[in-house]
Amino acid sequence: MDVNQVLLNTFSADAAIRGAAEQQLTQAQEANFSGYLVTLVQELANEEAQGPVRAAAGIALKNAFTAREYARLHELQEKWVQQDPETKKRVKDLTLQALASSTAQAGQAAAQVVASIAAIELPREQWPELMPSLVRNVGEGGDHLKQASLTTIGFICESQDADLRSSLVQHSNAILTAVVQGARKEEPNPEVRLAAIYALGDSLEFVESNFKNEGERNYIMQVICEATQAPDSRIQQGAFGCLNRIMALYYELMCFYMEKALFGLTIMGMKSEEEDVAKLAVEFWSTVCEEEIAIEDDNAQVESTDQMREIFHFAAVATKEVVPVLLHLLTKQDEDAADDEYNISRAAYQCLQLYAQAVGGGVIQPVLAFVEANLRHEDWHNRDAAVSAFGAIMEGPEEKVISPIVKQALPVIIKMMEDPVIHVKDSTAYALGRITEACSEAIDPALHLPLLIKSLFEGLISSPKMAGSCCWALMNLAERFSGEIGCQQNPLTPHFNESITRLLQVTERPDADNQLRTAAYEVLNTFVQNAANDSLPAVASLSDVIIKRLEETIPLQTQVVSVEDKITLEEMQTSLCTVLLAIIQRLEKEIAPQANRIMTILLQILATAGAKSSVPDAVFATVSSLANALEENFASYMEAFSPFLYNALGNQEEPGLCSMAIGLVSDITRSMGPLSQPYCDTFMNYLLNNLRSTALANQFKPAILQCFGDIAGAIGGHFETYLSVVAQVLQQAAGVQASPDGSYEMFDYVISLREGIMDAWGGIIGAMKTDGKTALLQQYVESIFSLLNIVWLDQNRSDALMRACMGVIGDLADAFPHGEFSAYYRADWLTQMIKDTRQNREFQVRTIDTARWAREQVKRQIGGSQGIQQT
């Protein structure tokens with residue numbers, strides 16, 4: 001093949017030409033890997049070749065060693081490791097040679113190739129001459145070689161590969177020598193200095209030992225501080241980025257530098273005319289706040305003062321200087337900015353939020369002064385900044401301090417929803433969302449709620465831009481003012497019917513986009529969930545509307561002609577199912593008259609849903625709530641519904657749906673009880689298959705074990721059919737343990753697995769006792785107590801696990817009331833286990849109550865063995 005042309009074609013705008021070129025490269029790679037590498041590296045190092053050809057050669061070469069998927073990455077790396085030494089030496093030598101190219105594209109591509117080979121060889125203690133070579137290039141090479149070598153170091157240091165990162169620590173001196181030399185103010189070439197400052201930022205994590213040496217640290221900090229004053233704003237950005245990382249990594253070493261330089265430099269940087277420089281200087285103070293918030297949180301959890309981290313309160317000391325600058329930067333909004341665009345005013349807002357959390361009431365005075373001066377300003381930028389600033393400080397100051405201020409200001413803030421400028425109204429809605437979330441105690445239901453709800457609905461209807469903020473605030477109100485569970489009325493009751501009407505109107509608007517419609521349904525859902533009893537007739541009426549709308553989506557499926565149509569329809573069906581779910585949960589048994597219509601439409605949706613659709617998840621959740629509400633009456637729908645449930649149980653390609661189906665089996669069997677028996681053979685087959693499957697993650701297993709317990713509880717003694725198989729599975733699962741140096745995820749998995757085992761045994765023991773078949777359990781009692789002992793000896797436990805254990809201890813004692821297993825119950829560790837659970841005030845009340853009940857059952861068990869009847 002014509003290598004040059006093929007490489008150029010990989011950049012073609014024509015997808016067909018580009019695809020064909022990539023296919024040719026893949027075929028060449030598979031046919032002769034070493035020849036492929038040599039051909040590419042020769043093009044990369046060829047000074048006669050065009051820049052784009054050399055860049056394409058470098059990219060193809062890099063892709064021969066790297067991949068996003070771990071398995072593919074491992075395969076490619078092994079392929080390189082197994083290459084003959086001659087090929088490897090030639091590739092590395094020519095790539096290092098290309099770093100010196102005067103063609104910037106070639107140097108940049110070579111840097112990526114060197115970094116990708118380094119990721120393979122450095123963790124294997126190979127290529128020892130690489131780092132000294134790069135350092136020498138920076139000290140002695142020309143400008144192109146210096147820049148490319150520093151870029152290479154940066155690429156190597158920014159890797160997330162754990163093995164590479166740990167191997168870089170031994171090279172810290174070489175890395176630091178190169179990057180600091182290139183970053184000094186004496187370096188005349190700004191491109192070299194820029195590459196060095198970015199490489200320094202990437203290397204900071206690996207030079208910890210150097211950074212903890214005061215002399216070396218002083219020099220590093222001097223070089224970075226001088227770089228914040230460089231004429232080139234790109235270098236200034238890189239320097240402030242370094243300071244941010246240093247503050248996050250080495251907070252405890254920053255006191256001297258904050259006093260001497262960083263305080264003044266960063267405030268000056270925040271005032272820079274270059275927005276990207278100013279953003280990074282603002283982010284420095286965000287990092288300060290984040291560190292100090294984290295230290296305060298950590299210190300609140302330690303048991304003794306000698307374990308506490310030192311905190312210097314940099315943010316509090318600088319409040320009077322930093323906060324006014326942040327407030328000024330809030331006025332620098334760009335009215336044309338997209339909602340997700342990160343600019344200087346948004347950076348300042350985030351920093352002000354963090355400042356309030358870090359220093360609490362210390363921000364109130366400067367912020368209130370700014371709000372009072374600007375809330376009625378003729379320039380909308382100032383009004384917008386004022387209302388934004390007020391919302392930003394809701395979280396942090398003590399409630400008793402901020403609440404009276406909010407109470408006084410709220411009528412004025414609500415009035416701002418009438419501002420003629422949409423940006424101000426949007427910021428006001430967001431500020432109201434912050435108030436309703438963090439300071440709802442300041443909202444007087446009689447004084448504020450009517451106007452607040454009215455203004456939020458008007459905002460919701462008036463502009464899609466502010467719909468998200470209005471919906472968020474309305475959801476907060478519904479949750480904050482829901483009252484006690486089961487209350488007749490709550491503060492939202494007078495506004496409930498009108499709120500439902502307005503939300504339904506919003507969802508029907510022809511100009512409503514998917515985002516607005518979905519948000520409005522979310523609010524509707526929240527209002528229904530938190531409805532007081534007096535609003536239940538309105539909830540019942542709403543069920544008619546929602547069911548009708550779901551029915552109307554079926555014909556729409558024939559009108560889907562694009563991906564956008566499909567997404568719109570699926571989002572609508574999902575939203576409607578979610579609201580219907582909330583209605584069923586709120587009405588409980590009162591939903592029975594609508595059950596036929598509900599199941600008819602849900603079955604129709606399942607029958608017409610395409611593969612990989614997200615809608616069945618929502619349908620299954622709704623079916624689950626209906627089964628819970630109808631209990632044994634749900635049995636009349638099982639014949640029609642079971643095929644969909646079986647398909648989902650067996651659908652290992654969609655783990656989310658399969659997981660939902662496993663949970664649904666638990667819900668349905670609990671609801672239907674003995675009536676679920678005809679379906680249990682099939683349930684058990686699918687569940688056992690899923691348990692053995694390698695396609696499903698371990699996280700499915702606890703739910704499956706729990707499901708066995710629910711099936712047993714439903715069908716009682718009929719579970720005998722499955723007992724020996726399930727018992728074997730439970731005994732095998734009990735042997736899974738996390739190694740002491742295992743991951744948190746593994747510890748959590750083992751806890752949840754044991755919880756699933758105990759839940760399964762709890763259901764099985766109850767089932768066998770109900771139908772007088774407890775003798776079948778005798779052979780398994782020893783293994784149950786063995787697991788209980790393992791749980792007792794392991795300090796990694798949870799509230800739910802201990803509750804399940806206490807349940808099994810009590811259930812077994814209750815199942816064998818004549819002391820057949822009293823020897824197990826007399827064990828000191830078991831007595832202590834029950835006592836510790838009973839006395840643990842961090843556990844839920846029901847866990848402690850279960851432990852008390854277990855203690856009484858144990859007393860009877862031991863008493864029964866001695867022929868004493870205790871009551």
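Here are a few things to note about the model shown:
- Within region 655-681, the set of residues being closer than 22 Å to ALA611 by Cβ and either charged (D, E, K, R) or open to solvent by 10 Å² or more (accessible area, probe 1.4 Å) (or both) comprises PRO655, GLY656, LEU657, SER659, MET660, GLY663.
- Index of the failed condition, ILE704 passing every other in (1) at pLDDT 95 or above; (2) open to solvent by 10 Å² or more (accessible area, probe 1.4 Å); (3) among the β-branched types (Val, Ile, Thr): (2)
- Checked against the criterion of being touching a Cys at 6+ places or on another chain (Cβ under 9 Å) and not aromatic (Phe, Trp, Tyr), region 167-176 has at least one qualifying residue.
- Some residue of region 844-851 being in contact with a Lys or Arg (Cβ under 8 Å, 6 or more places away or on another chain), under 30 Å from PHE747 (Cβ atoms) and in a loop (DSSP other than H, G, I, E, B): yes
- Scope region 404-441; condition out of contact with any Gly (no Cβ under 9 Å at 6 or more places or on another chain), polar (S, T, N, Q) and open to solvent by 20 Å² or more (accessible area, probe 1.4 Å); matching residues: GLN408
- Scanning region 291-308 for residues being closer than 20 Å to GLU252 by Cα and either of a type outside the set (D, E, K, R) or modelled with pLDDT under 90 (or both) gives a total of 12.
- Conditions (1) of a type in the set (A, V, I, L, M); (2) open to solvent by 20 Å² or more (accessible area, probe 1.4 Å); (3) assigned to a helix (DSSP H, G or I): number failed by ILE311: (3)
- Index of the failed condition, ILE393 passing every other in (1) surrounded by fewer than 23 Cβ atoms within 10 Å (Cβ to Cβ); (2) among the hydrophobic types (A, V, I, L, M, F, W, C); (3) more than 27 Å from LEU504 (Cβ to Cβ): (1)
- Residue ranges of helices (runs of 4 or more DSSP H) in region 412-522 with at least 3 members free of Cβ contacts under 8 Å to residues at least 24 places away in the same chain and under 28 Å from ARG586 (Cβ atoms): 493-508
- Filter result for VAL579 (within 23 Å of GLY486 (Cβ to Cβ), in contact with a Leu (Cβ under 7 Å, 6 or more places away or on another chain) and in a helix (DSSP H, G or I)): yes
- Top-ranked residue of region 270-293 - restricted to ones that are assigned to a helix (DSSP H, G or I) and open to solvent by 40 Å² or more (accessible area, probe 1.4 Å), ranked as farthest from ASN244 (Cα to Cα): GLU275
- Here ALA519 meets the list (1) under 25 Å from ILE461 (Cβ atoms); (2) open to solvent by 70 Å² or more (accessible area, probe 1.4 Å) almost entirely, failing just condition (2).
- One residue from SER167, SER172 being touching a residue at least 40 places away in the same chain (Cβ under 8 Å) and among the small types (Gly, Ala, Ser): SER167
- Selection from region 1-23 of residues that are in a helix (DSSP H, G or I) and open to solvent by 70 Å² or more (accessible area, probe 1.4 Å): GLN5, ALA16, ILE17, ARG18, GLU22, GLN23
- Close pairs (7 angstrom Cβ cut-off, 6 or more residues apart or separate chains): closer than 16 Å to LYS271 by Cα in region 227-246, outside any helix (DSSP H, G or I) and among the β-branched types (Val, Ile, Thr) anywhere: GLN236/THR228; ALA239/THR228; PHE240/THR228
- Scanning region 89-124 for residues that are open to solvent by 30 Å² or more (accessible area, probe 1.4 Å) and without any contact (Cβ under 8 Å) to a residue 24 or more places away in the chain gives LYS89, ASP93.
- Scanning region 558-570 finds no residues that are open to solvent by less than 10 Å² (accessible area, probe 1.4 Å) and of a type in the set (S, T, N, Q).
- If you go through region 320-343 and pick out every residue that is touching a residue at least 24 places away in the same chain (Cβ under 8 Å) and within 26 Å of the chain's Cα centre (by Cα), you end up with 3.
- Within region 720-767, the set of residues being surrounded by 18 or more Cβ atoms within 10 Å (Cβ to Cβ) and either touching a strand residue (DSSP E or B) at 6+ places or on another chain (Cβ under 8 Å) or of a type in the set (D, E, K, R) (or both) comprises ARG754, GLU755, ASP759.
The values are calculated or read from the model by the stated rules, or taken from the named source; none is laboratory data. Values in this document were obtained by computation on a predicted structure and should not be read as measured data. We place every Cβ from the backbone using ideal geometry, glycine too, and count neighbours over all the protein chains shown. Quick note on the areas: whole protein, heavy atoms, side chains included, nothing else; ligands and nucleic acids left out. Shrake-Rupley method; radii C 1.70, N 1.55, O 1.52, S 1.80 Å.
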